[in-house]
Amino acid sequence: MTGLVVGVVATAASVFAAPATLTGLKSWSSPANSRVVFDLSAAIAHVAPDSGFSREVEIALPGEPIARAQGVPSTLVVRDGVIDSVQVLTGVDGARFHVWLRDSTQFKVMSLPAQVDKPYRLIVEAVRRGGAAAEAQRMETIATEKKEDRVRIVTVDPGHGGEDTGARGPRGVLEKHVTLGVAKALVDELNQIPGIKAFLTRDKDYFIPLRERYRLGEKMKADLFISIHANSSRRRGAGHGSEVYFLSLKGASDQADADLADTENAADLVGGVPQSSDDLVSILYDVKRNSALQQSQLLAESLLDHLAADRRLESRGVKQAGFVVLKSVEFPSALVETAFINNPVEVRLLASKDFQKNMGKQLAAGVRSYFQRAGIGLNSATGARVSP
Ligand SMILES: [Zn+2]
(Lines give C-alpha, C1' and ligand atoms only; values in the text may rest on other atoms or scores of the structure.)
Protein backbone atom coordinates (compact mmCIF):
# COMPACT_ATOMS: atom_id res chain seq x y z
CA MET A 1 0.00 0.00 0.00
CA THR A 2 2.68 2.47 1.09
CA GLY A 3 4.76 1.68 -1.95
CA LEU A 4 1.87 2.55 -4.24
CA VAL A 5 1.33 5.94 -2.59
CA VAL A 6 5.02 6.77 -2.76
CA GLY A 7 5.05 5.78 -6.43
CA VAL A 8 2.20 8.14 -7.29
CA VAL A 9 3.82 11.03 -5.43
CA ALA A 10 7.14 10.43 -7.15
CA THR A 11 5.46 10.39 -10.59
CA ALA A 12 3.56 13.58 -9.90
CA ALA A 13 6.68 15.28 -8.57
CA SER A 14 8.75 14.29 -11.58
CA VAL A 15 6.07 15.63 -13.94
CA PHE A 16 6.08 19.02 -12.23
CA ALA A 17 9.88 19.09 -11.95
CA ALA A 18 10.48 18.45 -15.66
CA PRO A 19 11.24 21.79 -17.32
CA ALA A 20 9.57 22.50 -20.66
CA THR A 21 12.00 22.32 -23.54
CA LEU A 22 12.02 24.27 -26.79
CA THR A 23 12.45 21.35 -29.19
CA GLY A 24 12.16 23.17 -32.49
CA LEU A 25 12.24 26.61 -34.08
CA LYS A 26 11.40 27.02 -37.75
CA SER A 27 9.92 29.51 -40.20
CA TRP A 28 7.76 29.01 -43.31
CA SER A 29 7.02 31.52 -46.07
CA SER A 30 4.00 31.42 -48.35
CA PRO A 31 2.64 33.95 -50.88
CA ALA A 32 0.02 35.01 -48.30
CA ASN A 33 1.94 35.01 -45.03
CA SER A 34 4.98 34.04 -43.04
CA ARG A 35 5.06 31.83 -39.95
CA VAL A 36 7.38 31.13 -37.05
CA VAL A 37 6.70 27.89 -35.19
CA PHE A 38 8.06 27.20 -31.69
CA ASP A 39 7.85 23.49 -30.78
CA LEU A 40 7.59 22.85 -27.03
CA SER A 41 7.82 19.58 -25.13
CA ALA A 42 4.73 20.46 -23.08
CA ALA A 43 1.79 22.87 -23.01
CA ILE A 44 2.96 26.02 -21.26
CA ALA A 45 1.27 29.24 -20.14
CA HIS A 46 2.30 32.23 -22.23
CA VAL A 47 1.59 35.94 -22.33
CA ALA A 48 1.25 37.55 -25.76
CA PRO A 49 -1.23 39.60 -27.79
CA ASP A 50 -3.67 37.37 -29.76
CA SER A 51 -3.32 39.62 -32.77
CA GLY A 52 -2.34 43.13 -33.70
CA PHE A 53 -0.29 45.33 -35.97
CA SER A 54 3.34 45.78 -34.99
CA ARG A 55 7.03 45.56 -35.93
CA GLU A 56 7.80 43.31 -32.99
CA VAL A 57 5.93 40.44 -31.35
CA GLU A 58 6.96 39.29 -27.89
CA ILE A 59 5.77 36.08 -26.25
CA ALA A 60 6.60 35.82 -22.54
CA LEU A 61 6.66 32.41 -20.85
CA PRO A 62 7.04 33.42 -17.22
CA GLY A 63 7.77 31.29 -14.19
CA GLU A 64 9.29 28.10 -15.53
CA PRO A 65 12.84 27.53 -16.65
CA ILE A 66 12.90 26.59 -20.34
CA ALA A 67 15.70 24.61 -21.89
CA ARG A 68 16.67 24.71 -25.56
CA ALA A 69 17.12 21.26 -27.06
CA GLN A 70 20.38 20.54 -28.84
CA GLY A 71 20.46 22.00 -32.31
CA VAL A 72 17.71 24.55 -31.69
CA PRO A 73 19.17 27.99 -32.42
CA SER A 74 18.68 30.97 -30.12
CA THR A 75 18.52 33.27 -33.14
CA LEU A 76 16.85 32.54 -36.46
CA VAL A 77 17.43 34.86 -39.40
CA VAL A 78 14.43 34.70 -41.77
CA ARG A 79 14.53 37.83 -44.00
CA ASP A 80 11.69 36.66 -46.28
CA GLY A 81 10.26 40.13 -46.72
CA VAL A 82 7.85 39.70 -43.80
CA ILE A 83 9.86 38.41 -40.83
CA ASP A 84 13.41 39.65 -40.23
CA SER A 85 14.55 37.47 -37.37
CA VAL A 86 13.56 35.55 -34.27
CA GLN A 87 15.30 35.55 -30.90
CA VAL A 88 14.88 33.14 -28.00
CA LEU A 89 15.91 34.37 -24.56
CA THR A 90 15.89 31.75 -21.82
CA GLY A 91 16.60 32.17 -18.13
CA VAL A 92 15.90 30.51 -14.79
CA ASP A 93 12.68 32.48 -14.35
CA GLY A 94 11.21 31.78 -17.77
CA ALA A 95 11.74 32.69 -21.40
CA ARG A 96 10.88 35.31 -23.99
CA PHE A 97 10.45 34.79 -27.71
CA HIS A 98 10.92 37.87 -29.91
CA VAL A 99 9.81 38.02 -33.52
CA TRP A 100 11.09 41.07 -35.43
CA LEU A 101 9.04 42.00 -38.47
CA ARG A 102 10.34 43.91 -41.47
CA ASP A 103 7.63 46.56 -41.28
CA SER A 104 4.69 47.24 -39.07
CA THR A 105 2.65 44.18 -40.01
CA GLN A 106 -0.64 42.49 -39.13
CA PHE A 107 0.04 39.38 -37.06
CA LYS A 108 -1.61 36.76 -34.88
CA VAL A 109 -0.30 34.46 -32.16
CA MET A 110 -1.76 30.95 -31.79
CA SER A 111 -1.10 27.99 -29.55
CA LEU A 112 -1.80 24.51 -30.89
CA PRO A 113 -2.22 21.39 -28.75
CA ALA A 114 -0.10 18.34 -29.54
CA GLN A 115 -1.58 16.64 -32.66
CA VAL A 116 -0.78 13.42 -34.49
CA ASP A 117 3.02 13.48 -34.41
CA LYS A 118 3.32 17.18 -33.54
CA PRO A 119 4.19 18.58 -30.12
CA TYR A 120 2.55 21.56 -28.42
CA ARG A 121 3.31 24.64 -30.50
CA LEU A 122 3.25 28.41 -30.38
CA ILE A 123 2.85 30.05 -33.78
CA VAL A 124 3.33 33.63 -34.89
CA GLU A 125 1.77 34.29 -38.29
CA ALA A 126 2.38 37.60 -40.08
CA VAL A 127 0.53 38.71 -43.19
CA ARG A 128 2.56 39.33 -46.32
CA ARG A 129 1.55 42.80 -47.41
CA GLY A 130 0.02 42.72 -50.90
CA GLY A 131 0.38 38.92 -50.90
CA ALA A 132 -3.33 38.18 -51.10
CA ALA A 133 -3.82 40.79 -53.82
CA ALA A 134 -0.92 39.39 -55.87
CA GLU A 135 -2.32 35.86 -55.53
CA ALA A 136 -5.81 37.06 -56.55
CA GLN A 137 -4.30 38.80 -59.57
CA ARG A 138 -2.44 35.62 -60.55
CA MET A 139 -5.66 33.59 -60.38
CA GLU A 140 -7.54 36.18 -62.42
CA THR A 141 -4.83 36.15 -65.09
CA ILE A 142 -5.08 32.35 -65.35
CA ALA A 143 -8.88 32.51 -65.62
CA THR A 144 -8.66 35.21 -68.34
CA GLU A 145 -6.07 33.28 -70.34
CA LYS A 146 -8.23 30.18 -70.09
CA LYS A 147 -11.06 32.06 -71.81
CA GLU A 148 -8.88 33.67 -74.45
CA ASP A 149 -6.85 30.58 -75.32
CA ARG A 150 -9.77 28.18 -74.89
CA VAL A 151 -7.71 25.77 -72.80
CA ARG A 152 -8.70 23.34 -70.04
CA ILE A 153 -7.22 24.22 -66.67
CA VAL A 154 -5.98 21.44 -64.38
CA THR A 155 -5.14 22.34 -60.78
CA VAL A 156 -2.62 19.99 -59.22
CA ASP A 157 -2.44 20.02 -55.44
CA PRO A 158 0.68 18.65 -53.71
CA GLY A 159 -0.67 17.39 -50.38
CA HIS A 160 0.56 18.86 -47.07
CA GLY A 161 3.48 21.32 -46.80
CA GLY A 162 5.34 23.47 -44.28
CA GLU A 163 4.32 22.72 -40.72
CA ASP A 164 2.19 19.84 -41.95
CA THR A 165 4.69 17.19 -43.05
CA GLY A 166 2.11 14.49 -43.84
CA ALA A 167 3.12 10.86 -43.35
CA ARG A 168 6.72 9.97 -42.54
CA GLY A 169 8.69 7.22 -44.19
CA PRO A 170 11.97 5.60 -43.21
CA ARG A 171 15.22 7.57 -43.60
CA GLY A 172 13.46 10.90 -43.16
CA VAL A 173 11.36 10.76 -46.35
CA LEU A 174 8.38 13.08 -45.84
CA GLU A 175 5.07 12.94 -47.68
CA LYS A 176 5.05 16.72 -48.28
CA HIS A 177 8.27 16.49 -50.36
CA VAL A 178 7.16 13.43 -52.33
CA THR A 179 3.81 15.02 -53.20
CA LEU A 180 5.52 18.19 -54.46
CA GLY A 181 7.90 16.13 -56.63
CA VAL A 182 5.09 14.11 -58.22
CA ALA A 183 2.84 17.17 -58.61
CA LYS A 184 5.56 19.15 -60.39
CA ALA A 185 6.22 16.21 -62.71
CA LEU A 186 2.49 15.98 -63.47
CA VAL A 187 2.21 19.71 -64.23
CA ASP A 188 5.23 19.51 -66.58
CA GLU A 189 3.67 16.57 -68.43
CA LEU A 190 0.22 18.18 -68.64
CA ASN A 191 1.66 21.40 -70.04
CA GLN A 192 3.00 19.42 -72.99
CA ILE A 193 -0.52 18.39 -73.99
CA PRO A 194 -2.04 20.89 -76.43
CA GLY A 195 -5.22 22.38 -75.01
CA ILE A 196 -4.29 21.87 -71.34
CA LYS A 197 -2.68 24.28 -68.90
CA ALA A 198 -1.77 23.01 -65.46
CA PHE A 199 -1.02 24.91 -62.25
CA LEU A 200 0.09 23.99 -58.74
CA THR A 201 -1.67 25.06 -55.54
CA ARG A 202 1.80 25.40 -53.98
CA ASP A 203 5.23 25.28 -55.62
CA LYS A 204 7.24 25.46 -52.40
CA ASP A 205 7.24 24.04 -48.91
CA TYR A 206 4.49 25.83 -47.01
CA PHE A 207 1.16 25.05 -45.41
CA ILE A 208 -2.21 25.66 -47.14
CA PRO A 209 -5.51 24.91 -45.36
CA LEU A 210 -7.57 22.17 -47.07
CA ARG A 211 -10.45 24.41 -48.18
CA GLU A 212 -8.05 27.02 -49.50
CA ARG A 213 -6.62 24.38 -51.83
CA TYR A 214 -9.82 23.81 -53.78
CA ARG A 215 -10.68 27.51 -53.57
CA LEU A 216 -7.47 28.23 -55.49
CA GLY A 217 -8.81 25.84 -58.14
CA GLU A 218 -12.13 27.66 -58.17
CA LYS A 219 -10.44 31.05 -58.53
CA MET A 220 -8.39 29.91 -61.54
CA LYS A 221 -11.61 28.44 -63.03
CA ALA A 222 -10.18 24.93 -63.05
CA ASP A 223 -11.77 22.16 -65.12
CA LEU A 224 -10.16 19.45 -62.98
CA PHE A 225 -8.57 19.20 -59.54
CA ILE A 226 -6.10 16.48 -58.56
CA SER A 227 -4.64 16.20 -55.06
CA ILE A 228 -1.45 14.13 -54.70
CA HIS A 229 -0.67 12.15 -51.53
CA ALA A 230 1.29 9.17 -50.24
CA ASN A 231 -0.32 6.49 -48.12
CA SER A 232 0.84 5.12 -44.77
CA SER A 233 -0.51 2.01 -43.13
CA ARG A 234 -0.75 1.70 -39.39
CA ARG A 235 -0.20 -2.03 -39.38
CA ARG A 236 3.45 -2.70 -40.20
CA GLY A 237 4.04 -4.02 -43.70
CA ALA A 238 0.34 -4.22 -44.48
CA GLY A 239 0.13 -1.61 -47.20
CA HIS A 240 1.34 -1.48 -50.78
CA GLY A 241 0.06 -0.11 -54.06
CA SER A 242 -1.84 2.86 -55.46
CA GLU A 243 -5.43 3.94 -54.95
CA VAL A 244 -7.47 6.86 -56.23
CA TYR A 245 -10.32 8.46 -54.29
CA PHE A 246 -13.27 10.61 -55.13
CA LEU A 247 -15.60 12.25 -52.66
CA SER A 248 -18.15 10.26 -50.72
CA LEU A 249 -21.10 12.09 -49.18
CA LYS A 250 -22.22 9.07 -47.20
CA GLY A 251 -19.03 7.92 -45.54
CA ALA A 252 -16.09 5.84 -46.67
CA SER A 253 -15.99 2.55 -48.64
CA ASP A 254 -14.73 0.82 -45.47
CA GLN A 255 -13.12 1.51 -42.09
CA ALA A 256 -9.57 1.72 -43.46
CA ASP A 257 -10.69 4.36 -45.99
CA ALA A 258 -12.47 6.30 -43.24
CA ASP A 259 -9.27 6.22 -41.15
CA LEU A 260 -7.27 7.45 -44.13
CA ALA A 261 -9.68 10.35 -44.73
CA ASP A 262 -9.44 11.26 -41.03
CA THR A 263 -5.65 11.26 -41.26
CA GLU A 264 -5.58 13.42 -44.39
CA ASN A 265 -8.27 15.74 -43.01
CA ALA A 266 -6.19 16.24 -39.85
CA ALA A 267 -3.86 18.42 -41.94
CA ASP A 268 -5.70 21.54 -40.83
CA LEU A 269 -5.30 20.60 -37.15
CA VAL A 270 -1.61 19.99 -37.68
CA GLY A 271 -1.17 23.25 -39.57
CA GLY A 272 -3.41 25.28 -37.29
CA VAL A 273 -6.80 26.04 -38.84
CA PRO A 274 -9.84 26.14 -36.55
CA GLN A 275 -12.41 23.42 -37.26
CA SER A 276 -15.48 24.70 -39.07
CA SER A 277 -18.80 23.10 -39.79
CA ASP A 278 -19.36 21.69 -43.24
CA ASP A 279 -20.85 24.52 -45.24
CA LEU A 280 -21.79 22.36 -48.19
CA VAL A 281 -24.41 20.13 -46.56
CA SER A 282 -27.24 22.37 -47.74
CA ILE A 283 -26.46 21.71 -51.38
CA LEU A 284 -26.07 17.98 -50.87
CA TYR A 285 -28.59 17.15 -53.57
CA ASP A 286 -27.67 19.88 -55.93
CA VAL A 287 -27.57 18.84 -59.58
CA LYS A 288 -24.19 20.49 -59.89
CA ARG A 289 -22.86 18.33 -57.10
CA ASN A 290 -24.15 15.09 -58.56
CA SER A 291 -22.70 15.89 -61.93
CA ALA A 292 -19.34 16.78 -60.35
CA LEU A 293 -19.41 13.48 -58.45
CA GLN A 294 -20.13 11.41 -61.55
CA GLN A 295 -17.32 13.11 -63.42
CA SER A 296 -15.04 12.69 -60.40
CA GLN A 297 -15.59 8.94 -60.52
CA LEU A 298 -14.69 8.90 -64.22
CA LEU A 299 -11.59 10.98 -63.45
CA ALA A 300 -10.53 8.64 -60.62
CA GLU A 301 -10.99 5.58 -62.87
CA SER A 302 -9.04 7.17 -65.72
CA LEU A 303 -6.16 8.08 -63.40
CA LEU A 304 -6.01 4.63 -61.80
CA ASP A 305 -6.11 2.84 -65.18
CA HIS A 306 -2.92 4.61 -66.16
CA LEU A 307 -1.24 4.28 -62.77
CA ALA A 308 -1.77 0.54 -63.02
CA ALA A 309 0.43 0.61 -66.13
CA ASP A 310 3.39 0.91 -63.76
CA ARG A 311 3.87 -2.74 -62.88
CA ARG A 312 5.89 -1.92 -59.77
CA LEU A 313 2.68 -0.86 -58.01
CA GLU A 314 -0.38 -2.90 -57.30
CA SER A 315 -3.73 -1.28 -58.09
CA ARG A 316 -5.88 -1.04 -54.97
CA GLY A 317 -8.83 0.33 -56.89
CA VAL A 318 -11.00 3.43 -56.96
CA LYS A 319 -12.46 4.26 -53.57
CA GLN A 320 -14.63 6.82 -51.86
CA ALA A 321 -14.18 8.77 -48.62
CA GLY A 322 -14.99 12.16 -47.16
CA PHE A 323 -11.83 14.09 -48.01
CA VAL A 324 -12.30 17.81 -47.31
CA VAL A 325 -9.99 18.78 -50.17
CA LEU A 326 -12.37 17.16 -52.70
CA LYS A 327 -15.46 19.13 -51.65
CA SER A 328 -15.73 21.68 -54.45
CA VAL A 329 -18.80 21.39 -56.70
CA GLU A 330 -17.18 23.51 -59.41
CA PHE A 331 -15.10 20.75 -60.99
CA PRO A 332 -14.49 17.00 -60.84
CA SER A 333 -11.75 16.18 -58.39
CA ALA A 334 -9.76 13.14 -57.27
CA LEU A 335 -7.16 12.34 -54.63
CA VAL A 336 -4.30 10.04 -55.61
CA GLU A 337 -2.61 7.96 -52.91
CA THR A 338 0.46 7.28 -55.03
CA ALA A 339 2.08 4.51 -52.94
CA PHE A 340 2.90 3.62 -49.33
CA ILE A 341 5.58 5.80 -47.79
CA ASN A 342 6.09 3.43 -44.84
CA ASN A 343 6.61 0.44 -47.12
CA PRO A 344 10.40 -0.08 -47.42
CA VAL A 345 10.22 -0.89 -51.15
CA GLU A 346 7.74 1.79 -52.16
CA VAL A 347 9.38 4.60 -50.16
CA ARG A 348 12.50 4.11 -52.27
CA LEU A 349 10.38 4.54 -55.40
CA LEU A 350 8.54 7.57 -54.03
CA ALA A 351 11.80 9.35 -53.17
CA SER A 352 13.30 8.79 -56.63
CA LYS A 353 13.07 11.54 -59.26
CA ASP A 354 12.71 8.96 -62.06
CA PHE A 355 9.72 7.38 -60.38
CA GLN A 356 8.14 10.77 -59.69
CA LYS A 357 8.59 11.71 -63.34
CA ASN A 358 7.09 8.44 -64.50
CA MET A 359 4.15 8.84 -62.16
CA GLY A 360 3.61 12.36 -63.55
CA LYS A 361 3.59 10.86 -67.05
CA GLN A 362 1.06 8.16 -66.15
CA LEU A 363 -1.25 10.59 -64.36
CA ALA A 364 -1.08 13.04 -67.30
CA ALA A 365 -2.09 10.19 -69.62
CA GLY A 366 -4.97 9.53 -67.20
CA VAL A 367 -6.08 13.16 -67.48
CA ARG A 368 -5.97 13.03 -71.27
CA SER A 369 -8.05 9.86 -71.31
CA TYR A 370 -10.52 11.41 -68.84
CA PHE A 371 -11.18 14.28 -71.26
CA GLN A 372 -11.65 11.75 -74.08
CA ARG A 373 -14.01 9.54 -72.09
CA ALA A 374 -15.99 12.55 -70.87
CA GLY A 375 -16.34 13.78 -74.46
CA ILE A 376 -14.56 17.04 -73.64
CA GLY A 377 -12.56 18.32 -76.59
CA LEU A 378 -9.13 19.90 -76.22
CA ASN A 379 -8.20 22.92 -78.32
CA SER A 380 -5.20 21.61 -80.23
CA ALA A 381 -4.36 25.11 -81.49
CA THR A 382 -3.18 26.22 -78.05
CA GLY A 383 -0.93 29.22 -78.12
CA ALA A 384 -2.76 30.83 -81.02
CA ARG A 385 -5.01 33.39 -79.41
CA VAL A 386 -8.62 33.09 -80.46
CA SER A 387 -10.53 36.33 -80.52
CA PRO A 388 -13.52 36.23 -78.21
ZN1 LIG B 1 -1.55 12.96 -47.33
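Tabulated data
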| read-out | value |
| --- | --- |
| Peptides 180-189, 83-92 ordered by average Cβ neighbours within 10 Å, highest first | 180-189, 83-92 |
| Phi to ³J(HN,Hα) by Karplus 6.51 cos²θ - 1.76 cosθ + 1.60 over the range 58-72, Hz, x for Gly, Pro | 10, 10, 9, 10, x, x, 9, x, 10, 8, 9, 5, 4, x, 8 |
| Set of aspartates and glutamates with alpha-carbon distance to LYS319 below 18 Å, sequence-local pairs under 8 removed | GLU243, ASP254, ASP257, ASP259, ASP262, GLU264, GLU301, ASP305, GLU337 |
| Cross-link reach list, aspartates and glutamates versus LYS219, counting only Cα pairs under 15 Å and skipping chain neighbours closer than eight places | GLU135, GLU140, GLU145, ASP157, GLU330 |
| Area accessible to solvent at SER248, 1.4 Å probe radius, in Å² | 10 Å² |
| Candidate residues HIS240, HIS306: accessible-area rank, largest first, probe 1.4 Å | HIS240, HIS306 |
| Antiparallel DSSP beta bridges within the chain, as percent of all bridges there, nearest 5 | 70 percent |
| ASN265-TRP100 pseudo-label distance in nm [points 7 Å out on the Cα-to-Cβ vector] | 4.4 nm |
| Efficiency of FRET from Cβ geometry, SER315 and ALA42, R₀ 41 Å, rounded to 0.05 | 0.40 |
| Accessible area of the chain divided out per residue, in Å², using a probe of 1.4 angstrom | 48 Å² |
| Accessible-area ranking of LEU249, LEU349, largest first, probe 1.4 Å | LEU249, LEU349 |
| From phi via Karplus (6.51, -1.76, 1.60), per-residue ³J(HN,Hα) for the range 226-233 in Hz, x at Gly/Pro | 10, 9, 9, 9, 10, 7, 8, 8 |
| Whole-Hz couplings from phi, Karplus 6.51/-1.76/1.60, listed for the range 318-330; x for Gly and Pro | 8, 9, 10, 7, x, 6, 4, 5, 9, 8, 6, 9, 7 |
| Of the DSSP H helices in the chain, those whose Cα atoms cover at least 18 Å axially and whose Kyte score averages -0.5 or more | 2-17, 175-190, 287-307 |
| Distant-in-sequence amide H partners of THR338 (H built 1.01 Å from N, under 5 Å) | HIS229, ALA230, ASN231 |
| Length added when fully stretched, LEU249-ASP117, from 0.36 nm per residue minus Cα-Cα | 44.7 nm |
| Distance between modelled label sites at ASP84 and VAL345, nm, 7 Å Cα→Cβ extension | 5.6 nm |
| Over the chain: helical MRE at 222 nm, DSSP H runs n ≥ 4 each giving -39500 (n - 2.57), nearest 500 | -10500 deg cm²/dmol |
| Expected-Rg normalisation [2.2 N^0.38 Å, Cα atoms] applied to the chain | 1.10 |
| Residues whose placed amide H lies under 5 Å from that of SER51, excluding near-sequence neighbours | VAL109 |
| Distance violations [Cα-Cα > 21 Å] among LYS184/LYS361; LYS147/LYS221; LYS184/LYS288; LYS184/LYS353; LYS288/LYS361 | LYS184/LYS288; LYS288/LYS361 |
| Nearby aspartates and glutamates by direct alpha-carbon distance to LYS108 (threshold 20 angstrom, same-chain neighbours under 8 apart not counted) | ASP39, ASP50, GLU56, GLU58, ASP80, ASP84, GLU125, GLU163, ASP164, GLU212, ASP268 |
| Two-site label geometry, ARG215 and GLN192: point separation in nm, points 7 Å out along Cα→Cβ | 3.6 nm |
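The values are calculated or read from the model by the stated rules, or taken from the named source; none is laboratory data. Just so it is clear, the model here is predicted, and its values are computed rather than measured. Heads up, the Cβs are rebuilt from the backbone with ideal geometry, glycines too, and the neighbour counts pull from every protein chain shown. All accessible areas refer to the heavy atoms of the entire protein, side chains included, with ligands and DNA or RNA removed. Shrake-Rupley method; radii C 1.70, N 1.55, O 1.52, S 1.80 Å.
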